[in-house]
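The values are calculated or read from the model by the stated rules, or taken from the named source; none is laboratory data. Everything numeric here is computed off the predicted structure, so don't read it as measured data. Here the Cβ positions follow ideal geometry from the backbone for every residue, glycine too, while neighbour counts run over all protein chains shown. We work out accessible area using only protein heavy atoms, side chains counted, and drop any ligands, DNA or RNA first. Shrake-Rupley method; radii C 1.70, N 1.55, O 1.52, S 1.80 Å.
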Amino acid sequence: MTMTVSLNSKKDRFADQPNFSEKKDYRPADVKEKGLVFVGHEISDDRTAMNQFLHYDQLYTIRHGWNSKFFIGLLEGKIMGTRCPKCGDSWVPVRSHCWNLDCNLEKTEWVEMPLTAKVHTWTVAGWSGRSSLKRLPIILAYANIGTSKVAMANELHKMNPWDVEFGMPLKIVFKPRDQRVGAVTDFHFEPADFWKPSPMNPEKQRIKDLVMPVYEWVKTLK
Amino acid sequence: MSRKVCIVGGATTPFDYGPTGFESIEGGAAECIKETQQDVPEFSLRDLDLMIYSHFSVHFSHQLAPEWIIHDHLGLVGLPHYRVENGGNTGGSALYAAALAVMSGHHDVVGIVGWETMDSVSQSQGSEFIAMASDIRYELLVGGIYPIYYAAMANKWMKENHVTEEDVAIIAAKNKNNAMDNPKAQWYRNDHRYITVDDVMSSRLISYPIKKYDCCLMSRGVAFVLVCTEEYAKKVNPDQYVTIDGMGLSSCTIRAGDRLNNPTWNEHYGPGYPGMTEFAACRNSAEQAYKMAGIKDPLKDIDFGEIHDAFSTSEAQIYKALGLADEKTIAKFIRDERTSMQGDIPMNPGGGLLGYGHPVGATGLMSTVECYYQLAGMIPKKHLSKKTEVSEPECGIVNSHAGTGTSISNFILRRH
Ligand SMILES: [Zn+2]
């Protein structure tokens, strides 16, 4: 490993360089990194306008730094939160320093959260970004995990989209270990085992009417 | 202490998706300035002493510092310039920066050029680009697009405020129909039809309770606003200038879920506010603007507004954050159509984001230009008829809004 020449003794360094011996590569075969490539163009019939097609593909490194334990936790099937030792507030998503101005950026400590949550608010998506279209309709819930003061967004599975309720109890379910990548998509919410949906009502029916065509539309996607 | 700030002119290109006729950004900027000069013949490029550029995402143009292309195209080399970026509130923030520059006494004549070219990628890719202003570590992968975050917030807000899908559909239809009187509006140029509440209700689900016609349009467009001292305004356009009598800029969390139990808001507005439902940064920036402009009762003192209706639901939430109605009155306020052209406080006579379009960096400036036209009596010249002219307005509000309510600005403009 090469180090900056001017930093000749270990104590001069701000922090030791971590060594990354656990490496995983799960890049799909069709994701190529070619950088900038002109891949085509079009010219209007009157030859006054030209459009050019530029393809750009770039690998980014998200360095999670002080937040890393949360994402490593996901690989291990844990939800790690942080907690302020001064005021006791806790969070998922995590904060490395307290948000309370009176705590003056107090460094927080890690706490493992229980795998339970409560719906704060929710929606049923019938449209989404390019990478999610085939999974529609998607229930997105904002839920407070464990003691977290803030709500975290994630998908809610294993229920009809029209049956979601404000305040409903949830459990956190992880993907099988070999499918986890250390991203928030490693887990999702499901209704708590003891929860039962309430009977059909006009609002639920309205949501059902809006959602049914989405199931049909998704079937037409290639 | 500070100097009076005026708006003396402005224009936009037509907003569109795909071919517009102004397809280079620098060409669009030049045309906006030329249109402003037709309205204000005394205004010369030589008068400018600062240029501020308003642009959200370089992802769309795949060009870093694209303002440099526009600036030298305009022949303005040597003039100081910089870009302001603040999500959907980029336009409002650029106006804020221009006003500060004039107020400070350091600059006298400031041009703002704003633009976005969102049709350079597919619609769904474009939605994903914009959503990269959400926290990509926690939210992008699970929500993917802003309408979903807004729908989750609106769903709870509507419940708590007894506002129905039909109520917000009134707002959606109003703005798209207002746009039918505005030849530069994207809804006029593309869809080109009047719609009803039923049309909105039966449009496809985007994210409950938001449907297709509750959503704004992805756009390509450029806008220009000319901000200056009163001395310069009196010199070049004495009969058609407006003053920025109040302005405010405020902020909130990037992730909407982090607004619960937030200690700073709790300290400011009491426990439970804003939750995931209210736009605290809108309320806060409006309070600053009202105080500065001496507005006591916004419903009485403000005649109309051009506000950030990215979704029909957000326009409803903004009414409340601006203090036009409260939890008890908001549903009736909407149902009585108080914000239609016939109402006592028309909102988005220019069509808003739902009708005019939402090329992010140009949007807040478009709202400013429309508000300026109303106050300067220029609507008969700019719109197709007098149907969308507010009758003898003295005071208008411009609202610009970013993220999930993460940055919001408000401006009080008065006819001089
Ligand atoms: Zn603390």
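What shape does segment B:373-412 have by the C-alpha gyration tensor, where a ≥ b ≥ c are the square roots of the eigenvalues, rounded means a/c under 1.5, and otherwise prolate means a/b greater than b/c and oblate the rest? Intermediate values should be presented prior to the final figure.
Numbers: a/c = 3.78, a/b = 2.25, b/c = 1.68.
It comes out prolate by the Cα gyration axes.
Give the interface area between chains A and B as buried accessible surface, both sides summed, probe 1.4 Å, in Å² to the nearest 100.
On the way: alone 15990 and 15890 Å², together 27840 Å².
That pair of chains buries around 4000 Å² in total.
For chain A, set up a Gaussian network in which alpha carbons nearer than 10 Å are linked by springs, and say which option among A:Ser132, A:Ser68, A:Ser96 fluctuates the most.
Top of the fluctuation ranking is A:Ser132.
So what is the 222 nm mean residue ellipticity for the protein assembly as shown from helices alone, if each DSSP H run of at least 4 adds -39500 (n - 2.57) and you divide by all residues, rounding to the nearest 500 deg cm²/dmol? Intermediate results must be reported in sequence, preceding the final value.
On the way: 20 runs with 187 residues, N = 638.
Value at 222 nm, helices only, nearest 500: -8500 deg cm²/dmol.
Around B:Glu116, which amide H atoms from residues at least 5 apart in sequence, or from another chain, sit under 5 Å from its own amide H, with H modelled in the peptide plane?
Correct list: B:Gly221, B:Gly361, B:Ala362.
Could you list which residues have their amide H under 5 Å from that of B:Lys211, counting only those 5 or more apart in sequence or on another chain, with H placed in the peptide plane?
Here the answer is B:Ile206, since their amide H atoms fall under 5 Å of that of B:Lys211.
For segment A:19-63, taking Cα atoms only, what is the radius of gyration to one decimal and the Dmax to the nearest whole Å?
Looking at segment A:19-63, its Cα Rg and Dmax stand at 18.0, 60 Å.
Hey, what do the phi angles of segment B:194-200 turn into as Karplus ³J(HN,Hα) couplings, whole Hz, using 6.51/-1.76/1.60 and θ = phi - 60°, x for Gly and Pro?
Per-residue couplings from phi come out as 7, 10, 10, 4, 4, 4, 5 Hz.
I need the phi-derived Karplus couplings for segment A:149-158: 6.51 cos²θ - 1.76 cosθ + 1.60, θ = phi - 60°, integer Hz, Gly and Pro marked x.
So the J values, rounded to whole Hz, are 6, 10, 9, 10, 7, 6, 6, 10, 10, 6.
Please report how far the C-alpha centroid of segment B:368-396 lies from that of segment B:14-82, rounded to the nearest whole angstrom.
So the separation of the two Cα centres works out to 24 Å.
If I take every Cα pair under 8 Å that is 6 or more residues apart in chain B, average their sequence separation and divide by the length, what percent do I get for the relative contact order?
Working: 967 pairs, mean separation 108.9, N = 416.
After rounding, I find 26 percent.
Which FRET efficiency, nearest 0.05, do A:Leu36 and A:Glu112 yield, Cβ-Cβ r, R0 41 Å? Provide the component values of the computation, followed by the final result.
Numbers: r = 44 Å, r/R0 = 1.08.
Rounded to the nearest 0.05, the efficiency is 0.40.
Angle check, please: helix B:146-161 long axis (alpha carbons) against the longest principal axis of chain B (alpha carbons), in degrees 0 to 90, nearest 10.
60 degrees
Just for chain B, what percent of DSSP beta bridges are antiparallel, to the closest 5? Write down the numbers at each step before the final one.
Values: 39 of 55 bridges.
About 70 percent, rounded to the nearest 5.
Among A:Arg180, A:Arg83, A:Arg27, whose mean-square fluctuation peaks in a Gaussian network model of chain A (Cα, cutoff 10 Å)?
Result: A:Arg27 has the largest fluctuation of those listed.
Per q in 0.19, 0.26 Å⁻¹, report the Debye log10 I(q)/I(0) for segment B:305-393, using one uniform scatterer on each alpha carbon and no solvent.
Those come out to -0.88, -1.37, one per q.
Three principal axis extents, largest first, for the C-alpha atoms of the protein assembly as shown, in Å?
Principal extents (Cα only, largest first): 70, 70, 60 Å.
I'd like the distance separating the alpha-carbon centroids of segment B:279-308 and segment A:120-136, in whole Å.
Between the Cα centre of segment B:279-308 and that of segment A:120-136, the gap is 34 Å.
Give me D for segment B:1-76 in µm² s⁻¹, whole number, from Stokes-Einstein with Rh from the Kirkwood sum over alpha-carbon pairs, 4 °C and 1.567 mPa s. Walk me through the intermediate numbers first.
Working: Rh = 14.2 Å.
Roughly 91 µm²/s, to the nearest whole number.
Would you mind getting me the FRET efficiency between B:Glu160 and B:Gln38? Use the beta-carbon distance for r and R0 = 45 Å, nearest 0.05. Don't skip to the end; give the middle numbers.
Details: r = 48 Å, r/R0 = 1.08.
Computed FRET efficiency for B:Glu160 and B:Gln38: 0.40.
So how exposed is B:Lys320, as accessible area in Å² (1.4 Å probe, rounded to 10)?
40 Å²
Local charge sum around B:Ala172 (other residues, Cβ-Cβ under 11 Å, Lys/Arg +1, Asp/Glu -1)?
On the way: positive: B:Lys174, B:Lys176, B:Lys211, B:Lys212; negative: B:Glu165, B:Glu166, B:Asp167, B:Asp199, B:Asp214, B:Asp309, B:Glu315.
Here the count lands on -3.
Along the Cα→Cβ direction, 7 angstrom out, place labels at B:Leu45 and A:Asn104. What is the inter-label distance in nm?
5.4 nm
Can you tell me which of A:Glu155, A:Glu33, A:Glu190 moves the most in a GNM of chain A? Springs connect C-alpha atoms under 10 Å apart.
Largest GNM mean-square fluctuation: A:Glu33.
Over the Cα atoms, compute the radius of gyration (one decimal) and Dmax (the largest Cα-Cα distance, rounded to a whole number) for chain B, in Å.
19.5, 56
Divide the volume of the convex hull of the Cα atoms of segment A:54-201 by its number of residues and quote the answer in cubic angstrom per residue. Write out the running numbers ahead of the final one.
Working: hull volume 23.6 nm³, N = 148.
Output value, Cα hull per residue: 159 Å³.
Which percent of the Cα-Cα distances in segment A:63-140 go past 22 Å? Spell out each step's value before the answer.
Values: 1369 of 3003 pairs.
Of all Cα-Cα pairs in segment A:63-140, 46 percent lie more than 22 Å apart.
Translational D (Stokes-Einstein, µm²/s) of segment A:105-164 at 37 °C and 0.692 mPa s when Rh comes from the Kirkwood sum over C-alpha pairs?
On the way: Rh = 13.3 Å.
In µm²/s, the coefficient is 247.
How big is the dipole moment of the protein assembly as shown about its Cα centre under a simple scheme where the beta carbon of each Lys and Arg is +1, that of each Asp and Glu is -1, and everything else is neutral? Debye, nearest 20, please. Before the final figure, lay out the partial values.
Details: 68 positive and 76 negative charges, 360 e Å.
Using Cβ point charges on Lys, Arg, Asp and Glu, the protein assembly as shown gives about 1720 debye.
Starting from the 7 Å offset along Cα-to-Cβ, what nm value, one decimal, do you get for the label separation of A:Ala49 and A:Ala15?
5.0 nm
Would you please classify the overall shape of segment B:246-310 from the alpha carbon gyration tensor, given that a ≥ b ≥ c denote the square roots of the eigenvalues, rounded means a/c under 1.5, and beyond that prolate means a/b larger than b/c while oblate covers the rest? Before the final figure, lay out each step's value.
Numbers: a/c = 2.42, a/b = 1.76, b/c = 1.37.
It comes out prolate by the Cα gyration axes.
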